[in-house]
Structure formats: C-alpha cells, structure tokens
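Beneath this line is the structure, given in structure tokens, with notes to follow.
The values are calculated or read from the model by the stated rules, or taken from the named source; none is laboratory data. Here the structure is a predicted model, which means the values were calculated and not measured. Positions of Cβ are generated from backbone atoms using ideal geometry, with glycine treated the same way; all protein chains shown enter the neighbour counts.
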Amino acid sequence: MAEGVDRVDTLRPDLAVIAAHVPEGARVLDVGCGDGALMAALRDGKRVDARGIEIDPECVERCVARGLSVVQGDADRDLTFYPDGAFDVAILSQTLQTAARPDRMLAELLRVGERAFVSFPNFAYWRMRWALMRRGRMPVTRHLPVSWYETANIHHVTVKDFEALAAGLDIGIENRWFFTADREVGVGGANWRAEYALFEVRRA
C-alpha cells in the first residue's frame with residue numbers, strides 16, 4: 001500500500017482527487033491515459049482493474065512497460081467497441097477539449113461507465129482573458145503550453161460551457177473541483193478563477 005500512496009502523492013492534483021474517489025477494486029477505463037501514472041496508482045493502491053486507451057504510441061509503450069493494460073486507439077471512434085456498462089468508472093483527463101465531438105464523447109463515457117470523471121483546462125480563466133484583451137492573441141499557459149497552430153485542443157471549453165452541456169445531455173453533476181497551478185480553489189467564481197476543472201458526472 002505504501003507504494004500506491006507514494007504514487008498518488010506525486011500525481012497532478014486533479015488525478016490525485018480522482019484516485020481518492022475511485023472505489024477499491026473498481027473496474028476503470030482511463031481514456032487518454034497518457035503515461036499511465038493514474039492507472040498505476042489505482043492498481044497498486046486500490047487493486048483496481050484498470051484499462052486504458054491512448055492515441056500516442058510512445059505513451060502506450062511506457063504504459064505497457066509498467067505492466068498496464070493499455071491499447072493504442074482513438075477515443076473519438078474506438079469507445080464504440082466497448083460494451084454498455086463495462087466499467088464502474090470512466091476517466092477523461094485533460095482530453096475533452098481535443099475530442100471531435102465532446103458531447104458524443106461524454107455520452108460514450110457514460111454508456112460504458114456507470115460514472116465518469118472529466119477534467120479540462122478552463123478557457124475562461126482570468127489570465128487567459130487578460131492575455132487576450134492585452135495582446136489580442138491566443139495565450140500560451142501552463143495547461144495550454146503550445147501555440148494555437150500546434151495545439152491538439154480544438155474546442156475552447158469553460159466551466160460554464162461544461163455545466164450547460166451536462167444539463168443539455170441530461171447528465172447529473174455529482175461533484176466538482178477547481179484548481180489553479182497545484183492548489184485547489186473554491187467553487188465561488190470558478191469560471192474565472194480556475195485554471196482547470198474536474199467534474200464527477202453520472203447519467204441523470
């Protein structure tokens with residue numbers, strides 16, 4: 001257990017919150033799992049049956065080297081191959097804004113999982129607003145570290161946008177957390193105060 005705790009302590013804040021809220025022994029699908037850090041923490045710390053899907057072949061290799069069950073695939077099309085209710089929890093971390101259709105991605109997450117955790121950079125964060133107003137150019141930030149023409153982000157989502165989308169899709173929001181840099185911030189004024197957001201959602 002100590003090894004799992006150590007790994008959780010080194011996770012990005014939103015991933016650490018997810019790890020804390022995933023039940024012991026759950027069946028988990030991590031969509032866009034990156035290098036598998038969250039999956040490894042869940043496997044080692046909570047005996048979770050964790051599976052992953054990742055588009056980057058180098059990240060897939062790193063996951064496999066860790067002994068993780070990860071396949072290379074594009075979540076925009078490959079989630080359809082998973083059966084209904086195959087997982088207790090589906091995770092989409094810092095990936096929603098790269099999906100071709102975020103609405104369909106959310107629907108698929110809650111088709112294959114009973115509940116889902118979704119995190120994303122908040123494009124309404126005050127520093128982004130200020131940079132746009134002052135310079136008139138798309139900002140480069142900690143969570144959006146490359147120029148607009150290089151980025152994989154194709155949808156600019158805000159906290160309020162996500163909440164409206166969830167309501168429109170009849171998706172219930174169970175919990176929400178907001179972060180700036182490596183610290184959690186309160187819910188009040190989160191649409192302008194939060195650099196990135198994490199939501200726990202269920203089909204209503």
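Details
- Residues being farther than 21 Å from Val157 by Cβ and in contact with an Asp or Glu (Cβ under 6 Å, 6 or more places away or on another chain) - total across the stretch 76-120: 2
- Any hit, the stretch 75-86, residues being among the aliphatic types (A, V, I, L, M), surrounded by fewer than 17 Cβ atoms within 10 Å (Cβ to Cβ) and at pLDDT 95 or above: yes
- Number of the condition not met by Gly25 [criteria: (1) of a type outside the set (D, E, K, R); (2) out of contact with any strand residue (DSSP E or B) (no Cβ under 6 Å at 6 or more places or on another chain); (3) closer than 20 Å to Arg115 by Cα; (4) buried (at least 17 other Cβ atoms within 10 Å of the Cβ)]: (4)
- Hey, Ala40 more than 14 Å from the chain's Cα centre (by Cα) and within 15 Å of Ala116 (Cβ to Cβ) or not: no
- Looking at Leu198, Leu132, just one residue is farther than 20 Å from Gly32 by Cβ and either surrounded by 15 or more Cβ atoms within 10 Å (Cβ to Cβ) or without any contact (Cβ under 8 Å) to a residue 40 or more places away in the chain (or both), and that residue is Leu132.
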